[in-house]
1. Among the residues of the range 105-118, is there at least one that is assigned to a strand (DSSP E or B) and crowded, with 19+ Cβ neighbours inside 10 Å?
2. Out of curiosity, is VAL26 touching a Phe, Trp or Tyr at 6+ places or on another chain (Cβ under 6 Å), more than 11 Å from the ligand (Cβ to nearest atom), assigned to a strand (DSSP E or B) and at pLDDT 95 or above?
3. Counting only residues that are outside any helix (DSSP H, G or I) and surrounded by fewer than 20 Cβ atoms within 10 Å (Cβ to Cβ), how many does the range 119-130 have?
4. With (1) among the aliphatic types (A, V, I, L, M); (2) without any contact (Cβ under 8 Å) to a residue 40 or more places away in the chain; (3) closer than 26 Å to ALA20 by Cα as the list, and ALA73 as the residue in question, which single condition is left unmet?
5. If a residue has to be of a type in the set (Lys, Arg), more than 10 Å from the ligand (Cβ to nearest atom) and not in a helix (DSSP H, G or I) to count, how many in the range 29-56 make the cut?
6. Report yes if LEU6 is among the hydrophobic types (A, V, I, L, M, F, W, C) and assigned to a loop (DSSP other than H, G, I, E, B), otherwise no.
Amino acid sequence: MEKATLTIGYTRLNADELTADDRALVEQAKAACATSYVPYSHFRVGAAARLSTGETVCGSNQENAAFPSGTCAERCTIFYANAHRPEAAVETLAIAARRADGHFTPEPITPCGACRQVLIETERRYGRPMRIVLYGERETLLLESASDLLPFRFDADAM
Ligand code: THU
């Protein structure tokens with residue numbers, strides 16, 4: 001028997017410590033919250049992806065009366081990016097969330113498990129790290145690779 005430990009590294013920053021590019025991407029993620037369709041949760045999530053072409057694409061959560069049929073902002077954005085520019089890697093993904101009271105969350109939200117699997121497979125598909133910027137009013141988190149979000153992911157190599 002052997003006990004093991006996994007550690008991940010990430011950076012905690014104030015929004016004003018972000019690079020100009022990352023700050024601009026965060027602003028796009030915040031703006032994308034306005035495009036959510038959230039009649040059930042009233043919780044708006046926006047995401048913005050910067051592609052290797054230099055373009056950015058945005059997405060938001062889209063809900064449905066049959067709850068599992070809706071999708072999170074992260075998957076909406078990643079699948080849109082991949083369908084729009086299949087040849088382009090997603091270099092950075094920024095995520096922001098706005099509560100029903102109209103305020104952005106003080107702490108960043110972190111992607112759900114299903115989105116983490118998708119982000120990691122997309123990263124792997126293009127063979128380069130996808131940086132993740134998680135915006136909160138009080139602090140922002142920066143991860144250098146989507147893989148850091150899910151150490152025990154399901155890996156296609158297992159099949
Ligand atoms: N949601 C996202 O879009 N991204 C996340 O990271 C967490 C949750 C959405 C799904 C649903 O529309 C609402 O937030 C409440 O769970």
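1. Within the range 105-118 (the criterion being assigned to a strand (DSSP E or B) and crowded, with 19+ Cβ neighbours inside 10 Å), the answer is no, since none of the residues qualifies.
2. So VAL26 fails the test.
3. Keep residues of the range 119-130 that are outside any helix (DSSP H, G or I), which gives 127-130.
Filter once more, keeping what is surrounded by fewer than 20 Cβ atoms within 10 Å (Cβ to Cβ): 127-129.
Counting residues in the range 119-130 that are outside any helix (DSSP H, G or I) and surrounded by fewer than 20 Cβ atoms within 10 Å (Cβ to Cβ) gives 3.
4. If we test ALA73 against (1) among the aliphatic types (A, V, I, L, M); (2) without any contact (Cβ under 8 Å) to a residue 40 or more places away in the chain; (3) closer than 26 Å to ALA20 by Cα, just (2) comes out false.
5. Qualifying residue count, the range 29-56: 1.
6. So LEU6 passes the test.
The values are calculated or read from the model by the stated rules, or taken from the named source; none is laboratory data. These figures come from a predicted structure and were not determined experimentally. All Cβ positions, even for glycine, are placed from backbone atoms using ideal geometry, and neighbour counts span all protein chains on display.
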